[in-house]
1. Residues in the range 109-151 that are of a type in the set (A, V, I, L, M) and under 17 Å from ALA2 (Cβ atoms): how many?
2. Checking the conditions here, which among ALA87, ALA73 is aliphatic (A, V, I, L, M), closer than 19 Å to GLN51 by Cα and part of a helix (DSSP H, G or I)?
3. Taking the conditions exactly as written (surrounded by fewer than 12 Cβ atoms within 10 Å (Cβ to Cβ), assigned to a helix (DSSP H, G or I) and at pLDDT below 95), does LYS118 satisfy them or not?
4. Under 8 Å between Cβ atoms, at least 6 apart or on separate chains: pull out the pairs that start in the range 28-43 with a residue that is over 14 Å from GLU96 (Cβ atoms) and end on any residue that is surrounded by fewer than 15 Cβ atoms within 10 Å (Cβ to Cβ) and charged (D, E, K, R).
Amino acid sequence: MAKFFYKMQDLLNIKLKLEEQKRAAYGAAKRHLDEEEEKFEQLSLRKQMMQERLTQLMTSHINVMEVKRHREALKIIMMKMDEQKIAVIHATRQLELARITLNEAMKERKTHEKLKEKAFEAFKMELLKAEGKEVDELVSFKFSKAKDEED
C-alpha cells in the first residue's frame, strides 16, 4: 500500500509553530494585563486607606501639617491611579491585538489542516480506484484465461 505524503506538511508545521508562539504571546499579554489591573487595585486600596486616614485626621485634633501631607499623598496616589488606568487600557489593547493575531494563526492552521484532510481523502480515492482497476484486470485476466482453456 502506498504511503500518504502531504506536499505542504512543512508549511503546516510552520503554521502550528506560529500558532504556539501566538498563543504564548497571548498568555504573556493576559498576564501583563492581570498585573496592571492588580497594581490599579492596590493603588485604589491605598487611596481608600488614605482617604479614611485623612477623614480621621480632620475629625480628631487638627494638625494642619499632617492633614496637608496626607492631602498631597492622596493627590499623588490619584495621579498614579490615572497613570495606571492608562497602563491598564494599553495592556487591554495589547491583549486584544494578541487575541486577533492568535485567531488569525488558528484560522490559517485550520485551513491547512482542512487542505491536508482533503488531500488525504483524494489519496484514498486514488487508492480505491487503483485497487478497483487491479481487481478488474485480475477478473478480466482470469475470465480470458478460463475462456482460452475452454477453446
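1. Within the range 109-151, the first condition is being of a type in the set (A, V, I, L, M), and the residues that meet it are 115, 119, 122, 125, 127-128, 130, 135, 138-139, 146.
Next cut, under 17 Å from ALA2 (Cβ atoms) only: 119, 122, 125, 127-128, 130, 135.
Of the residues in the range 109-151, 7 are of a type in the set (A, V, I, L, M) and under 17 Å from ALA2 (Cβ atoms).
2. On the way: ALA87 fails: closer than 19 Å to GLN51 by Cα.
Among ALA87, ALA73, only ALA73 is aliphatic (A, V, I, L, M), closer than 19 Å to GLN51 by Cα and part of a helix (DSSP H, G or I).
3. Working: surrounded by fewer than 12 Cβ atoms within 10 Å (Cβ to Cβ): yes; assigned to a helix (DSSP H, G or I): yes; at pLDDT below 95: no.
Here the answer is no, as LYS118 does not meet what is asked.
4. PHE40/LYS85
The values are calculated or read from the model by the stated rules, or taken from the named source; none is laboratory data. The structure presented is a predicted model; accordingly, all values stated were derived computationally and were not measured. Cβ sites come from the backbone with ideal geometry, for glycine too, and all protein chains shown count toward neighbours.
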